[in-house]
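To start, the structure itself, in structure tokens.
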Amino acid sequence: MTATKLPGYGISSPCETNSKKFIGSTLLEALESVFGVSKGKPRQVILGGHDRGARICHRLAVDKDDFSHLDIIGTVLLDIVPTKVQWEAFANPLISCSYFHWPLLANVEIATEMISAYGGARWARGAHTRIAGASEVSAQRIASDGAVDVYAELFDKRETLYYTCQDYASGAAPEATEQAEDQKSGKKITIPTLVMFSKAKLGARLDVANIWKDWIHPGVQYQGIGVGNGYGHYLPEEAYDDVSDAIATFIKNVT
């Protein structure tokens, strides 16, 4: 298993182009290099990601045939609905209030200035509190090993704020339009897919499991799992036991 982080979000170097296809392709090229993938023998890959990373996995899963050196055989998407669906859901005032940071961050220059003035570290700490589950267990797990402190320190850097906002800008009209075109042409996920989501947060407002059915080709293996116990958005940290068990089973079933 190989884990990567998104360019520009922390200590990694940013990319000027922030489309999910470009970032994802870059990460896959790095994977090919690390594992010495040859043209003659494609390497099997299962994509998995949370939040913005899951959106990259969604894009790569749809475009999997563009990567001839890799055989993408499955994907795991944690706590998202398709980008187009999320933007459309803003017609609901309650969802607009909960996800206000989407349109804010998509306005890169304004958001960078405002959050810098507010304090990037303060913003990061507040976001973790707001989006995580309300239980003490959730709070302890997302803060373990000083993780929140690391996020806070990184978001005190203007560069991190700026390129994080660029990611959201790319996820606005350009990628929502791209997904609309995919749906119109019938271009959907054609590989086994596992979706996990927080019942207390994303799943409280949207029928996540059913929404994804329209984005996956009929007949393709698909499972949508709502995670309970009050766990919030940060499923890999808050619900690592549930998540790891489900992913292990998924991997066993597709390999």
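The values are calculated or read from the model by the stated rules, or taken from the named source; none is laboratory data. All figures in this text were calculated on a predicted structure; none of them were measured in a lab. Cβ: placed from backbone, ideal geometry, glycine included. Neighbour counts: every protein chain shown.
Would you please name the residue that is surrounded by the fewest Cβ atoms within 10 Å (Cβ to Cβ), looking only at residues in segment 71-82 that are more than 22 Å from Ala132 (Cβ to Cβ) and of a type outside the set (A, V, I, L, M, F, W, C)? Looking at residues that are more than 22 Å from Ala132 (Cβ to Cβ) and of a type outside the set (A, V, I, L, M, F, W, C), I get Asp71. Close Cβ contacts (under 8 Å, 6 or more residues apart or on different chains) running from residues in segment 127-146 that are closer than 22 Å to Leu105 by Cα to residues that are polar (S, T, N, Q) and assigned to a helix (DSSP H, G or I) comprise Ala132/Ser138. Regarding Gln183, is this residue farther than 20 Å from Asp79 by Cα, assigned to a helix (DSSP H, G or I), under 16 Å from the mean Cα position of the chain (by Cα) and not aliphatic (A, V, I, L, M)? Here the answer is no, as Gln183 does not meet what is asked. Of the residues that make up segment 236-243, is at least one surrounded by fewer than 16 Cβ atoms within 10 Å (Cβ to Cβ), out of contact with any Asp or Glu (no Cβ under 7 Å at 6 or more places or on another chain) and modelled with pLDDT of 95 or more? Yes, segment 236-243 contains a residue that is surrounded by fewer than 16 Cβ atoms within 10 Å (Cβ to Cβ), out of contact with any Asp or Glu (no Cβ under 7 Å at 6 or more places or on another chain) and modelled with pLDDT of 95 or more.
Counting residues that are among the hydroxyl-bearing types (Ser, Thr, Tyr) and closer than 29 Å to Ala124 by Cβ, which helices (runs of 4 or more DSSP H) fully inside segment 201-255 reach at least 1? Spell out the reasoning first.
Values: elements: 202-205, 208-213, 235-238, 240-254.
Output list reads 240-254.
From the list Ser68, Ser96, the one residue that fits, being at pLDDT 95 or above and loosely packed, with under 15 Cβ neighbours inside 10 Å, is Ser96.
Scanning segment 15-46 for residues that are in a strand (DSSP E or B) and either of a type in the set (D, E, K, R) or touching a Leu at 6+ places or on another chain (Cβ under 6 Å) (or both) yields Lys41, Arg43, Val45.
The lone criterion from (1) of a type outside the set (Lys, Arg); (2) more than 23 Å from Leu60 (Cβ to Cβ); (3) surrounded by fewer than 21 Cβ atoms within 10 Å (Cβ to Cβ); (4) in contact with a strand residue (DSSP E or B) (Cβ under 7 Å, 6 or more places away or on another chain) left unmet by Val227 is number (3).
Please pick out the residue among Thr249, Thr190 that is hydroxyl-bearing (Ser, Thr, Tyr), within 24 Å of Glu178 (Cα to Cα) and at pLDDT 95 or above. I'd like the intermediate steps shown before the answer.
Working: Thr249 fails: within 24 Å of Glu178 (Cα to Cα).
Thr190 is the lone residue from the list that is hydroxyl-bearing (Ser, Thr, Tyr), within 24 Å of Glu178 (Cα to Cα) and at pLDDT 95 or above.
Could you list, ordered by first residue, the pairs with Cβ atoms under 9 Å in which the first is in segment 51-62 and over 11 Å from Leu78 (Cβ atoms) and the second is among the hydrophobic types (A, V, I, L, M, F, W, C) and assigned to a helix (DSSP H, G or I), at least 6 apart or interchain? Within 9 Å, the pairs are Ile56/Ile23; Ile56/Leu27; Arg59/Ile23; Leu60/Leu27; Leu60/Leu28. With the structure loaded, tell me whether Ala169 is within 21 Å of His58 (Cα to Cα), part of a helix (DSSP H, G or I) and touching a Phe, Trp or Tyr at 6+ places or on another chain (Cβ under 6 Å) or whether it fails that test. Answer is no for this residue. Leu78 meets each of the listed conditions (1) in contact with a His (Cβ under 7 Å, 6 or more places away or on another chain); (2) at pLDDT below 90; (3) not β-branched (Val, Ile, Thr) apart from (2). Applying the criterion of being charged (D, E, K, R) and touching a residue at least 24 places away in the same chain (Cβ under 8 Å) to the residues of segment 26-50, the residue that is nearest to Ile216 (Cα to Cα) is Arg43.
Just one of the numbered conditions (1) at pLDDT below 90; (2) touching a helix residue (DSSP H, G or I) at 6+ places or on another chain (Cβ under 7 Å) is not true of Leu27: (2).
Test Thr160 against the criterion of being surrounded by 17 or more Cβ atoms within 10 Å (Cβ to Cβ), hydroxyl-bearing (Ser, Thr, Tyr) and within 20 Å of His58 (Cα to Cα), and give yes or no. Considered against the rule, which asks whether it is surrounded by 17 or more Cβ atoms within 10 Å (Cβ to Cβ), hydroxyl-bearing (Ser, Thr, Tyr) and within 20 Å of His58 (Cα to Cα), Thr160 comes out as no.
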